[in-house]
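*Asks:* Next up is a structure, given as structure tokens.
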Amino acid sequence: MRLTMKWMLWFVGIGIYVMFLGGVFYYNLFKWTFDAKLKQDVIDNVKVYAPTMRNGLLNNASAISFEEYDIMMTLIKDERITSVLYLSRQGKVRWHKDARFIGMTWDDFKAQIPPPTDAISQAYLSKMPKVRQVNGEPFYEIAIPFSVRGEIIGIVDLLVSRAGAEVLIGSAMRKYVFGAVGVLFLLGLPLYFFFHHYVISPMDMLRDNVEGVSLKNFDLRFPARSDELGELAGAITRLMGKMKVEIEGISNRDLTYKEAEQRWWRSLLNVIVPGNNYVIVVDENNTILYANFELAQGMDAKNIHLLDVVDSQQQTLLRLVGQAFEMPDHPVEGETVFKNQNLNVKILHVGQTAETNRTLILFYPKQGVSM
């Protein structure tokens, strides 16, 4: 997988992870904000009517006034409020949308319609508005007591739906998601172009320059940079410089070794091979290391192949050379024509590794001495 794709996957993965964490945070923030606003709005609306409701409770504890009735109808028309229960100081139902419960005692009422939470009892004990979440339902029960000189004279109990708050939360979360995706895109686009321009493109250029390096040319043509890629290019340049020195050293050692070996063969064979005999020594590549006669119009034997001296049509000689390769360290003898003469030939192939294989070919007259 290419680095750009890895970077993009990491960026998208981290972006989604951050969006998820942010979504959890903002969801809870929106939930708390809109729920708190919903509960406070309902309580504030009831408090607006508190003076009228207190007067009604004090003037006539057994029957609701027209002003209180209008307040109840106003509250029940609020789309957020699904149920209203109005209790008097005697613990009787002062108003309910179902008229058959009006005037019923609290104990009889809750026997038929159990309260969803303990909001009423907690409000009565604390003399403060109490809000309770209905278990498993998208509703709040809000109980608001009315007191005079520390004495509870009535309680309004409201069942408030969270549907509106959930709609607002959903809308806010959709806006958050669109905004987060937009921020991710607007942030990722310049980062991608920066990454591609300052990292990927120079790396591609560095790769192309490295691929252009050969054993004949160790120059890395990469523009100077002061960043990490420039340091990497410098390290590669220094490495290739060391390789060049090592290769030149190896080449010089090989050349020195080859020259020394040629001198060794020349000295040895000049002593043991008579002047009327011809001898050729070739290396593992069948390149002539030494010959006791002139080759290629007076040139030295350096870098001359055996087939440049032995005609490929001399099948007998080539066959004997092949037999010598198959039987190392055992001389192979035969007859051949060399330099327009009918000569005996003896071939010996020696060496244990490919780098040290040597083949000695000796041509001598039929009455001559052999190796």
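The values are calculated or read from the model by the stated rules, or taken from the named source; none is laboratory data. Just so it is clear, the model here is predicted, and its values are computed rather than measured. Positions of Cβ are generated from backbone atoms using ideal geometry, with glycine treated the same way; all protein chains shown enter the neighbour counts.
*Asks:* In the list Leu206, Leu239, which residue meets the criterion of being part of a helix (DSSP H, G or I), within 17 Å of Leu3 (Cα to Cα) and of a type outside the set (Gly, Ala, Ser)?
*Replies:* Leu206
*Asks:* If you take the residues in the stretch 330-353 that are without any contact (Cβ under 8 Å) to a residue 24 or more places away in the chain and within 20 Å of Asp283 (Cβ to Cβ), which one is surrounded by the fewest Cβ atoms within 10 Å (Cβ to Cβ)?
*Replies:* Thr353
*Asks:* Let me ask another. Which members of the stretch 223-242 meet the condition of being surrounded by fewer than 14 Cβ atoms within 10 Å (Cβ to Cβ) and farther than 14 Å from Asp208 by Cα?
*Replies:* Those that are surrounded by fewer than 14 Cβ atoms within 10 Å (Cβ to Cβ) and farther than 14 Å from Asp208 by Cα: Ala224, Ser226, Asp227, Glu228, Glu231, Ala235, Arg238, Leu239, Gly241, Lys242.
*Asks:* Go through (1) in contact (Cβ under 8 Å) with a residue 60 or more places away in the chain; (2) over 22 Å from Thr82 (Cβ atoms); (3) surrounded by 14 or more Cβ atoms within 10 Å (Cβ to Cβ); (4) in the same structural domain as Lys97 (by TED's automatic domain parsing) for Ala172 and report which single condition fails.
*Replies:* The failed condition is (4).
*Asks:* Looking only at residues in the stretch 312-329 that are in contact (Cβ under 8 Å) with a residue 12 or more places away in the chain and closer than 17 Å to Asn357 by Cα, which one is surrounded by the fewest Cβ atoms within 10 Å (Cβ to Cβ)?
*Replies:* Only one residue fits best here, namely Asp329.
*Asks:* Can you find a residue that is surrounded by 14 or more Cβ atoms within 10 Å (Cβ to Cβ) and of a type in the set (D, E, K, R) anywhere in the stretch 80-90?
*Replies:* Checked against the condition, which is being surrounded by 14 or more Cβ atoms within 10 Å (Cβ to Cβ) and of a type in the set (D, E, K, R), the stretch 80-90 yields at least one hit.
*Asks:* While we're on this one: For Gly182, only one of the following conditions fails: (1) part of a helix (DSSP H, G or I); (2) of a type in the set (Gly, Ala, Ser); (3) crowded, with 17+ Cβ neighbours inside 10 Å. What is its number?
*Replies:* (3)
*Asks:* Return the only residue of Leu191, Leu220 being out of contact with any Cys (no Cβ under 8 Å at 6 or more places or on another chain), hydrophobic (A, V, I, L, M, F, W, C) and not in a helix (DSSP H, G or I).
*Replies:* Checking each option against the conditions leaves just Leu220.
*Asks:* So for the stretch 16-36 (the condition being farther than 20 Å from Tyr176 by Cβ, assigned by TED's automatic domain parsing to the domain that holds Val156 and part of a helix (DSSP H, G or I)), does at least one residue qualify?
*Replies:* Checking the stretch 16-36: not a single residue is farther than 20 Å from Tyr176 by Cβ, assigned by TED's automatic domain parsing to the domain that holds Val156 and part of a helix (DSSP H, G or I).
*Asks:* Which one is farthest from the chain's Cα centre (by Cα) among residues in the stretch 38-74 that are farther than 20 Å from Ile153 by Cβ and touching a residue at least 40 places away in the same chain (Cβ under 8 Å)?
*Replies:* Within the stretch 38-74, the match that is farthest from the chain's Cα centre (by Cα) is Val42.
*Asks:* Further question: Being under 30 Å from Phe293 (Cβ atoms), in contact with a strand residue (DSSP E or B) (Cβ under 8 Å, 6 or more places away or on another chain), in a helix (DSSP H, G or I) and not assigned by TED's automatic domain parsing to the domain that holds Asn292: is that true of Arg253 here?
*Replies:* Criteria not met by Arg253.
*Asks:* Here's another thing I want to ask about it. Quick check on Ser62: is it hydroxyl-bearing (Ser, Thr, Tyr) and assigned to a strand (DSSP E or B)?
*Replies:* Considered against the rule, which asks whether it is hydroxyl-bearing (Ser, Thr, Tyr) and assigned to a strand (DSSP E or B), Ser62 comes out as no.
*Asks:* Going by what's in this entry, would Ile200 be described as outside any helix (DSSP H, G or I) and either in the same structural domain as Phe11 (by TED's automatic domain parsing) or in contact with a Ser or Thr (Cβ under 8 Å, 6 or more places away or on another chain) (or both)?
*Replies:* Spelling it out, it is not the case that Ile200 is outside any helix (DSSP H, G or I) and either in the same structural domain as Phe11 (by TED's automatic domain parsing) or in contact with a Ser or Thr (Cβ under 8 Å, 6 or more places away or on another chain) (or both).
Here's the yes/no breakdown for (1) in contact (Cβ under 8 Å) with a residue 60 or more places away in the chain; (2) more than 30 Å from the chain's Cα centre (by Cα); (3) under 20 Å from Gly351 (Cβ atoms):
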{"position": "Phe222", "(1), (2), (3)": "no, no, no"}
{"position": "Ser251", "(1), (2), (3)": "no, yes, no"}
{"position": "Glu259", "(1), (2), (3)": "no, yes, yes"}
{"position": "Gln262", "(1), (2), (3)": "no, yes, yes"}
{"position": "Leu268", "(1), (2), (3)": "no, yes, yes"}
{"position": "Val271", "(1), (2), (3)": "no, yes, no"}
{"position": "Asp283", "(1), (2), (3)": "yes, yes, yes"}
{"position": "Phe293", "(1), (2), (3)": "no, yes, no"}
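*Asks:* If you don't mind, another one. Mind listing just one residue for me: the one in the stretch 148-167 that is over 52 Å from the mean Cα position of the chain (by Cα) and either closer than 16 Å to Ala119 by Cβ or at pLDDT 95 or above (or both) and, of those, surrounded by the fewest Cβ atoms within 10 Å (Cβ to Cβ)?
*Replies:* Ile152
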